[in-house]
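Asker: Take this structure first; my questions come after.
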Amino acid sequence: MPVLPGAEPYRHEGGEVGVLLCHGFTGSPQSLRPWAEHHAARGLTVSLPLLPGHGTRWEDMQLTTWQDWYAEVDRELRVLTERCSRVFVAGLSMGGALALRLAARHSGRVAGVVVVNPANRVHGLSAYALPVARHLVRTAKGIASDIAEPGVAELGYDRVPLHAAHSLRMFLRRLDGELPQVTQPLLLLRSAQDHVVPAADSARVLSRVSSTDVTEIVLEHSYHVATLDKDADRVFEESLAFIGRLAPVVGKEGTAAVG
């Protein structure tokens, strides 16, 4: 199936500091494209991949699992580390969870982590029914476009394929056990009002990681997709400042300094 207009992956060749951005469950690179372009304009090398099964139709996602989504960002991380001297990983929602697993499994490759409203578990009674329900019902109501700003929409599926949701639940359970392996500096931004991922997920992440350099910022004016919402500029600037503090020099002549 062709990729939906606006859901295409994004890459920018910049300096020696690289950033890997990971989008969320049933979403697409569109939700992080302004973030990627902001960092690219300031001289960073940026990779924003399209996760398998996303950005086309929900039926395609039904055939994928968390292993497929993680494998894609893992490959992109390896490409970036061959190209850049320092690499940071970042993500929204499930993308934040993917970024945290990259940090846990590749401590020598990842210099720091930025997560926005990171997912830690699938909530509600329906989560416990997923192992059986996914064989009886194909989809549930979509979760895309939880945005406070009027007239702004996220490009994501209007249905959640339940096979994929079950796989997400398995992934988040596995990741929770791996969070203590995250030792890198961490910037966590969470929305005060989020109708998709509750604040408890961010609290759980902060309580489980082993990082000693940790910053938490509450976004007062945005819902779940904060990267397209009223606090988007703050997300971009805070993450750039975080990267600039840890990697203040970009070694490529002609690129902008970080920070």
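Asker: Being within 21 Å of His163 (Cβ to Cβ) and more than 11 Å from the chain's Cα centre (by Cα) is the filter here; which residues of the range 20-50 pass it?
Answerer: Matches in the range 20-50: Thr26, Leu50.
Asker: Go through (1) surrounded by fewer than 18 Cβ atoms within 10 Å (Cβ to Cβ); (2) touching a residue at least 24 places away in the same chain (Cβ under 8 Å); (3) assigned to a helix (DSSP H, G or I); (4) not β-branched (Val, Ile, Thr) one by one and return the number of the condition Pro2 breaks.
Answerer: (3)
Asker: Also, I was wondering about something else. Any residue at all in the range 176-193 that is farther than 29 Å from Ala247 by Cα and touching a Phe, Trp or Tyr at 6+ places or on another chain (Cβ under 6 Å)?
Answerer: yes
Asker: I've got another one for you. Looking only at the range 175-204, count every residue that is under 25 Å from Asp68 (Cα atoms) and without any contact (Cβ under 8 Å) to a residue 12 or more places away in the chain and tell me the total.
Answerer: Qualifying residue count, the range 175-204: 1.
Asker: Give just the number: which of (1) in a strand (DSSP E or B); (2) touching a residue at least 40 places away in the same chain (Cβ under 8 Å); (3) open to solvent by 40 Å² or more (accessible area, probe 1.4 Å); (4) not polar (S, T, N, Q) does Gly18 not satisfy?
Answerer: (3)
Asker: Buried (at least 21 other Cβ atoms within 10 Å of the Cβ) and in contact with a strand residue (DSSP E or B) (Cβ under 6 Å, 6 or more places away or on another chain) - does that describe any residue in the range 63-73?
Answerer: Checked against the condition, which is being buried (at least 21 other Cβ atoms within 10 Å of the Cβ) and in contact with a strand residue (DSSP E or B) (Cβ under 6 Å, 6 or more places away or on another chain), the range 63-73 yields at least one hit.
Asker: Okay, moving on. If you scan the range 168-203, which residues turn out to be open to solvent by less than 10 Å² (accessible area, probe 1.4 Å) and hydroxyl-bearing (Ser, Thr, Tyr)?
Answerer: Ser191, Ser202, listed by residue number.
Asker: Val160 - would you say it is of a type in the set (Val, Ile, Thr) and more than 18 Å from Thr64 (Cα to Cα)?
Answerer: No, not satisfied.
Asker: Only one of (1) surrounded by fewer than 19 Cβ atoms within 10 Å (Cβ to Cβ); (2) touching a strand residue (DSSP E or B) at 6+ places or on another chain (Cβ under 7 Å) fails for Phe88. Which number is that?
Answerer: Every listed condition holds for Phe88 apart from (1).
Asker: Would you check which residues across the range 93-110 are under 22 Å from Asp201 (Cα atoms) and open to solvent by 20 Å² or more (accessible area, probe 1.4 Å) and list them?
Answerer: Arg105 - this is the single residue of the range 93-110 that is under 22 Å from Asp201 (Cα atoms) and open to solvent by 20 Å² or more (accessible area, probe 1.4 Å).
The values are calculated or read from the model by the stated rules, or taken from the named source; none is laboratory data. Predicted, not measured: the structure shown is a model, and the values here were computed from it. Neighbour counts are summed over all protein chains in view; Cβ atoms, including those assigned to glycine, are modelled from backbone coordinates with ideal geometry. Side chains are part of the model used for accessible areas, which takes the heavy atoms of the whole protein and leaves out ligands, DNA and RNA. Shrake-Rupley method; radii C 1.70, N 1.55, O 1.52, S 1.80 Å.
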